[in-house]
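Participant: Starting off with a structure, shown below.
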Amino acid sequence: MTKRLLSLAALVVLAALPLSASQFIQLPFDQVARQATVIVRATVGPVTSAWDDDREVIFSTATLSVRRYLAGSGPQTLMVREAGGTVGDYTQVAIGFPELREGQEVVLFLSPWDDSADYRIEAYNQGKYRVKMTPHGEMVSPDPDTQGHERTFDGGVGRVRAAAADEEHGFSIDELSSMITAARGASERPQFDRRK
């Protein structure tokens, strides 16, 4: 009888645990924009993956060719590093983290890592937008693709719906730039010479 009660108690506890290993809180756009050190319109260069010094975590690193700073300033080339990647035959997936893909046109909200000059994408995938050329110019939309998205319980159907909705409701790079300026406040607004 005691064994049966312990088994039932263990089952109840397991049923109450969350189904995913990671849970991300959706942050307001303004908060993500203020927390980012720089915000860039860039092209993702070659992506390489390597173990950390303790051989516990695989990180993927990519060179960013910066076309424009939407907030902050810096060099034309930056390095971005995110958890997850493949080394040899071993792949580590950091579910919910942004996925770096060579050649992708992006707007990234970036902050530096504490241990290097490399940058990380702010607020996980909330700090990554895809850029697409349209007849109306460059349009941006949140990137629905994250590491492990193919492992979602709906088989990725929700992600596909989200991608279609984002493409449909994207906004121009200038609209995004205005949103960033408003979110970051007067300290980041361009200063004009009033004497002219």
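The values are calculated or read from the model by the stated rules, or taken from the named source; none is laboratory data. Since the structure is predicted, the reported quantities are computational estimates derived from the model, not experimental observations. Positions of Cβ are generated from backbone atoms using ideal geometry, with glycine treated the same way; all protein chains shown enter the neighbour counts.
Participant: I'm checking my understanding of the structure. Among residues of the stretch 70-121 that are touching a Pro at 6+ places or on another chain (Cβ under 7 Å) and either among the β-branched types (Val, Ile, Thr) or over 26 Å from Ala183 (Cβ atoms) (or both), which one is surrounded by the most Cβ atoms within 10 Å (Cβ to Cβ)?
Facilitator: Only one residue tops the list, namely Ile121.
Participant: Which residues, taken from the stretch 29-52, are part of a loop (DSSP other than H, G, I, E, B) and either modelled with pLDDT under 90 or surrounded by 17 or more Cβ atoms within 10 Å (Cβ to Cβ) (or both)?
Facilitator: Ala36
Participant: What is the residue count in the stretch 92-133 for residues that are in a strand (DSSP E or B) and under 12 Å from the mean Cα position of the chain (by Cα)?
Facilitator: Our first condition is that a residue be in a strand (DSSP E or B); within the stretch 92-133, this holds for 92, 98, 105-112, 119-121, 128-133.
Among the residues that remain, those that are also under 12 Å from the mean Cα position of the chain (by Cα) are: 98, 106-111, 119-121, 128-130.
So the answer is 13.
Participant: Which of the residues that make up the stretch 79-91 are assigned to a strand (DSSP E or B) and not aromatic (Phe, Trp, Tyr)? Steps first, answer last, please.
Facilitator: Step one: list which residues in the stretch 79-91 are assigned to a strand (DSSP E or B), which gives 79-83, 85-87, 90-91.
Met79, Val80, Arg81, Glu82, Ala83, Gly85, Thr86, Val87, Thr91 - these are the residues of the stretch 79-91 that are assigned to a strand (DSSP E or B) and not aromatic (Phe, Trp, Tyr).
Participant: Kindly indicate whether any position in the stretch 73-89 is of a type in the set (Ser, Thr, Tyr), more than 22 Å from Gln35 (Cα to Cα) and either out of contact with any Gly (no Cβ under 9 Å at 6 or more places or on another chain) or in contact (Cβ under 8 Å) with a residue 24 or more places away in the chain (or both).
Facilitator: yes
Participant: Could you grab the pairs with beta carbons closer than 7 Å, sequence gap of 6+ or different chains, first residue in the stretch 112-127 and closer than 14 Å to Ala83 by Cα, second one assigned to a helix (DSSP H, G or I) and among the aliphatic types (A, V, I, L, M)?
Facilitator: Hits for this filter: Glu122/Val32; Ala123/Val32.
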